[in-house]
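One structure below.
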Amino acid sequence: NNIKEKVAGFSTQFNPSAKERTSNLKVAANRVNGTVLLPGDTFSTNESIGPRTKSNGYKDAPVIVNGELEPGVGGGVCQIATTIFNAAVKSNLEIVERRHHSFPVSYVPVGQDATISGNWIDMKFKNNFNHPIYIQMYISGNKLITNIYGNKEGSKQEIKLQTDILSKLEPKISYKKDSSKYEGYKKEEKASRVGYKANVYKVIYENGKVVKK
């Protein structure tokens, strides 16, 4: 009875032609969908989507390992964590644990992502409201959508994340000599990536005006 309206929602896009990754998103989204958190309860992405194993329905898809993309069971499910994280922030729920990826991802601005790994890196938030909340998560076309339902209790606030890029870190190229190879031989050991230093702000609006940052 206390779950009366949508508090906030968020969506990210993905490439449906990456079939294994898309399958992983569907499996994880189905496990999250329908979750109810009572006041004081904490949501854990890892616990909600379960161990990323083939017996749990997950498939091999690219995952980030030591700054590189490699095949791994459950690849792509960090997008689940990112999408829920943003919906939770926009709902003004209390973020308990969250860590960004080792390099920027394509589906949200720099610094607005969340990663998970095994049982040691998680994305958690707490229902700090005095009423229950209901989490809806589903896929529509090329979009992963999360909506959080509860009770706004008359609040007219709107919350957004804002990224301010402080600096861009161009990669440095280093070479290693290998006497076993012919002169002029070159092989890329690790792809270079541009890095960033950034501040991410939670901005609260009321009637279109910033009231807190």
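The values are calculated or read from the model by the stated rules, or taken from the named source; none is laboratory data. This one's a predicted model, so the numbers in the text were calculated from it and none came from an experiment. All Cβ positions, glycine included, derive from the backbone under ideal geometry; neighbour counts span all protein chains shown. The area values use the complete protein model at the heavy-atom level, side chains included, leaving out ligands, DNA and RNA. Shrake-Rupley method; radii C 1.70, N 1.55, O 1.52, S 1.80 Å.
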Once amide H atoms are placed 1.01 Å from N in the peptide plane, what residues at a sequence separation of 5 or more from Ala198, or on another chain, have their amide H within under 5 Å of its amide H? Leu166
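What part of the accessible area of the chain, given as a whole %, is carbon or sulfur when the probe is 1.4 angstrom?
Of the solvent-accessible surface of the chain, carbon and sulfur hold 46 percent.
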Within the stretch 75-169, chymotrypsin sites (Phe, Trp or Tyr not before Pro) in DSSP loop having at most 11 other beta-carbon neighbours inside 10 Å: Trp120
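Would you please name the trypsin sites (Lys or Arg not before Pro) within the stretch 1-37 that are DSSP coil residues with at most 13 other C-beta atoms within 10 Å of their C-beta?
Hits after loop and neighbour filter: Lys4.
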To the nearest 10 degrees, how steep is helix 19-32 against the longest Cα principal axis of the chain, on a 0 to 90 scale? 30 degrees
Heavy-atom accessible area per residue - the chain, 1.4 Å, Å²: 60 Å²
Can you compute the helix-only [θ] at 222 nm over the chain? Use -39500 (n - 2.57) per DSSP H run of at least 4 residues, normalise by all residues, nearest 500 deg cm²/dmol. -4500 deg cm²/dmol
Quick one: net charge around Tyr201, please, counting Lys, Arg +1 and Asp, Glu -1 for every other residue with C-beta under 12 Å from its C-beta. +3
One finds the C-alpha centres of the stretch 164-208 and the stretch 65-125 to be spaced, in Å, by 19 Å
So which trypsin sites (Lys or Arg not before Pro) in the stretch 61-165 pass both tests, a DSSP loop state and at most 14 other Cβ atoms within 10 Å of the Cβ? Arg99, Lys156
Listed residues Glu97, Glu189, Glu47; largest mean-square fluctuation, Gaussian network over the chain with Cα springs below 10 Å, found at Glu189
First select every other residue whose beta carbon is under 13 angstrom from the beta carbon of Val7; then total the charges, Lys and Arg +1, Asp and Glu -1. +2
Roughly what angle does helix 78-90 make with the longest principal axis of the chain, taking Cα atoms, 0 to 90 degrees, to the nearest 10? 40 degrees
